Amino acid sequence: MSHLESPSSPDELYRYRGADIPRARPVFQGDVFRNVEIPGLNDGRGLAMITTHACTMRNGASLRPRLLMARVTPRSTRIGLPWTGNFRVMPLPDLLLGEAPGNWVATFEDLGTVGSATLDLRERIACLDDRGVVLLQQRHAHHVTRYVVETPVLYEQCSNVLAEAELLEDWIDASCPEDDPHWEDSSTKEAERFEEYFGSHREGLKDPSLRASIRRAVSREIAQRFG
Amino acid sequence: MTSLNFELDMTPGTGSTGVEAPRSPTVTMASITNRYGALRDRTSILDSDVGDDHRAAQLQTLELLARDRAREDVSALLHGLSARRGLGWSDIARLVGVSVQAIRKWRQSGPVTGENRLAVARLAALLDLLEQVPVSDPAGWLEIPLIPGYSLRHADLYQQGRADLLFDLAHLRNSAEEAMAELSPDWRERFRNEHEVFDAGDGQLSIRRRV
């Protein structure tokens, strides 16, 4: 396969959109935030997407201090499906579903590092699903190398990290109720507890045939700890 | 393969004893070959007919079990798929044909259409049936590729509406190559990965061109 791939529908890109994105979802490659200033662009605050690779954005339970983000802007013309050309952007059709019709793109030329501590989960408006993440990786890698890697291989490379993010989301979901007034402190502590518990499973997640058994083990642990 | 069990009597007849001369070996071989050929054609047709009927019966069994499982609460079905089976939420969403966001709402007892309820129940039923084959860890089995170096996973067959191929694979009634060829005659070109993943030595995986 030698061509950039395309989703079959906009819905295929997104894991969550809109107001009900769970706070428990770990910050991840492809997340879109409002009100982000990207140093060096001198364009004020606006929408921005995390482009730092999923495998390198964390150090243990913590986000790395700086993340690479791309400016997200509206676009007057729709990039039809299947996507062709438009190599400098990641199309984000129907990004603000139910809020504002239209099309947005993340532009790979409008990049900068943003302090991860400045990202506010209440300003997160979209999270990409696994398919969306690998399509972003494929387009971004092509932008900087003019080389195409097929998305199933990109998925194979990061599927362990995608699976771990999902398990961390389940852990935080079960341990930190959304209405907890101290949610941020609680979730930070629980992320550290997850890290302590999960360390021995991390290597196993690289083997697809072991993933289901690891998910079962984590589910049992969550049930034991949090009922 | 069973060997052909016959002997050729090469003793010539006397012509005066009334003993019949043996048939020509050539004629004997030809008739046996023809009979085997005809038998093979018949069994091949029979195999095809029975195979089609068997697949239809398996899919009907899946549907009946799905309707039975659909009587359960959807959030309980989803919890079972995740906690008891070990499927990831992204895979559940993909195999049911909805977003993770929709799955999350259903987990919290949000409204579900009858069609989606049945789709969740069908996935639960699929894993039940695979376990009976037996596939010891059906969710783990669904995640692995059919053939290393090709991008199709067992779960992809189900997503593409070919649970019948999945059942045949689980029962060892067809090979992975046969299943992929039935799904797509150009599978070698369509699903082949030109790259491979390897351990980069820093605890992470990396990608390189396949040699």
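Annotation: amide H-H contacts under 5 Å for B:Leu205 (H modelled 1.01 Å from N, sequence separation of 5 or more, or interchain): B:Ala200. Give me the angle, in degrees from 0 to 90, between the Cα long axis of helix A:208-226 and the longest principal axis of the Cα atoms of chain A, rounded to the nearest 10. Between the helix axis and the principal axis of chain A, the angle is about 60 degrees.
GNM, chain B, Cα, under 10 Å: largest mean-square fluctuation among B:Ala66, B:Ala83, B:Ala163? In the Gaussian network model the winner is B:Ala83.
Annotation: amide H-H contacts under 5 Å for A:Glu37 (H modelled 1.01 Å from N, sequence separation of 5 or more, or interchain): A:Gly46. How far, in degrees from 0 to 90, does helix A:151-175 lean away from the longest principal axis of the Cα atoms of chain A, to the nearest 10? Compared with the principal axis, the helix lies near 50 degrees. Among residues other than B:Asp128 with Cβ under 10 Å from its Cβ, the summed charge is 0 (Lys and Arg +1, Asp and Glu -1).
The phi torsions of the range B:90-95, fed into the Karplus equation with coefficients 6.51, -1.76 and 1.60 and a -60° offset, translate into couplings of 4, 5, 4, 4, 5, 6 Hz, rounded to whole numbers, with Gly and Pro shown as x. Among the trypsin sites (Lys or Arg not before Pro) found in the range A:108-169, those both in a DSSP coil and sparsely packed, with 13 or fewer other Cβ atoms within 10 Å of their Cβ, are A:Arg146. Result for chain A in a Gaussian network model with C-alpha springs under 10 Å: among A:Gly132, A:Gly115, A:Gly30, the largest mean-square fluctuation is at A:Gly115. Counting Cβ atoms of other protein chains within 10 Å of each Cβ in B:96-106 and taking the mean gives 4. Compared with the dominant principal axis of the Cα atoms in chain A, helix A:183-198 is inclined by about 70°. Around A:Asp120, under 13 Å between beta carbons, what's the net of Lys plus Arg minus Asp minus Glu among the other residues? Its environment carries a net charge of +1. Selection among A:Phe226, A:Tyr197, A:Ile79 by position relative to the dipole of chain A gives A:Ile79 as farthest towards the positive end (Cβ unit charges, Cα centre). Approximating the spin labels as points 7 Å out from Cα along Cα→Cβ, the B:Ala56-to-A:Asp179 distance works out to 5.5 nm. Packing, taken as the mean count of other beta carbons within 10 Å per residue, orders the peptides A:39-51, A:86-98, B:49-61, B:178-190 from highest to lowest as A:86-98, A:39-51, B:178-190, B:49-61. Only one residue of A:Asn103, A:Pro93, A:Ala70 has its Cα farthest out toward the positive end of the dipole of the range A:1-140, where Lys and Arg carry +1 and Asp and Glu -1 on Cβ, and that residue is A:Ala70.
Just to verify a number: FRET efficiency for B:Leu39 and B:Ile147, C-beta to C-beta distance, R0 = 25 Å, to 0.05? That pair, B:Leu39 with B:Ile147, gives E of 0.15.
Find which of B:Leu172, B:Leu123, B:Tyr36 sits farthest along the positive direction of the dipole of the protein assembly as shown, computed with +1 on the beta-carbon of Lys and Arg, -1 on that of Asp and Glu, about the Cα centre. Sorting the options by dipole projection puts first B:Leu123. For chain B, the relative contact order comes to 14 percent (Cα pairs under 8 Å, sequence separation of at least 6).
The charge dipole of chain B, taken about its Cα centre with unit charges on the Cβ of Lys, Arg, Asp and Glu (plus for the first two, minus for the last two), comes to roughly 740 debye.
Taken together, the values in this text are just the output of simple stated rules run on the coordinates, not laboratory data. This structure is a prediction, so every number in the text was calculated from the model and none was measured. Please note: Cβ atoms are built from the backbone with ideal geometry, for glycine as well, and neighbour counts cover all protein chains shown.
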